[in-house]
1. With an 8 Å Cα cut-off and a minimum separation of 6 or more residues, compute the relative contact order for the chain in percent.
2. Over the chain, give the accessible area per residue in Å² for a 1.4 Å probe, as an integer.
3. To the nearest 10 degrees, how steep is helix 36-45 against the longest Cα principal axis of the chain, on a 0 to 90 scale?
4. Helix 137-148: angle to the longest alpha-carbon principal axis of the chain, degrees 0 to 90, nearest 10?
5. Carbon and sulfur: what percent of region 61-153's accessible surface (1.4 Å probe)?
6. For region 2-43, give the percent of accessible area contributed by carbon and sulfur heavy atoms, probe 1.4 Å, rounded to a whole number.
7. For region 125-187, what D do you get in µm² per second when you plug the Kirkwood radius from alpha-carbon pairs into Stokes-Einstein at 4 °C and 1.567 mPa s?
8. Give me log10 I(q)/I(0) at q = 0.09 Å⁻¹ for region 69-187, Debye formula, one equal scatterer per alpha-carbon, no solvent.
Amino acid sequence: MRKSPPEAHWSKPRGMLPNSRFPLLVFRNGIPGGGEEAVRERLRANGWLNNWRYPGIYTYPHFHSTTHECLGVATGWMEVELFGRGGLRMRVSAGDVVVMPAGVSHMMTGQSDDIMMIGGYPEGRDWDNVQEDHLTEELRRAAAKRIMMLPIPAKDPVYGEPMREWIDAPSSVDADLNDFRDGLDAI
């Protein structure tokens, strides 16, 4: 059973960025105290695999179109900018876990000296690295189509429960994304 609901941060397509109809979720202190092994073990136990260890995340805006991503803060803190340049800025600290929907732009803008992140992907999916500065219209369309075909992960990475926030998210029709979807087809 979830101890507390995650923070939910919503986005919409912005310029060349697809962002997502699903909210970005932040489980504050979801893995109390963090720690590399504790974070990795929790992600793996809940089906978020293909894990990596890195001192933060990339310092340029990017998103993934082949998978959703989980970012667990093992040690330290980092500041991130989300949803594109000039978007939401947030600080996450040891024990926090961020569930990033595919298509959501993110980059690290600041960090402590001891920052260490553990990442993972639902069912061990492989990731791509779509950089905002290198997007063309053709790449944007192809990425957005891949994103829309991704399934909702079976479990959240922290508590191993169904991802109600995504299951209950508005459909693309109800989220007023019809024009966006229609615009991905013929030019």
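1. Relative CO of the chain lands at 29 percent.
2. Heavy-atom accessible area per residue stands at 47 Å².
3. For helix 36-45, the angle is close to 60 degrees.
4. 60 degrees
5. Numbers: 1750 of 3470 Å².
Carbon and sulfur atoms account for 50 percent of the accessible area of region 61-153.
6. 54 percent
7. Details: Rh = 14.0 Å.
Diffusion coefficient, whole number: 93 µm²/s.
8. The computed values of log10 I(q)/I(0) come out as -0.30.
The values are calculated or read from the model by the stated rules, or taken from the named source; none is laboratory data. What you see is a predicted model; the values in this text were computed from it and never measured. Ligands, DNA and RNA are stripped out before the accessible areas are found, and what is left, the full protein with its side chains, is counted by its heavy atoms. Shrake-Rupley method; radii C 1.70, N 1.55, O 1.52, S 1.80 Å.
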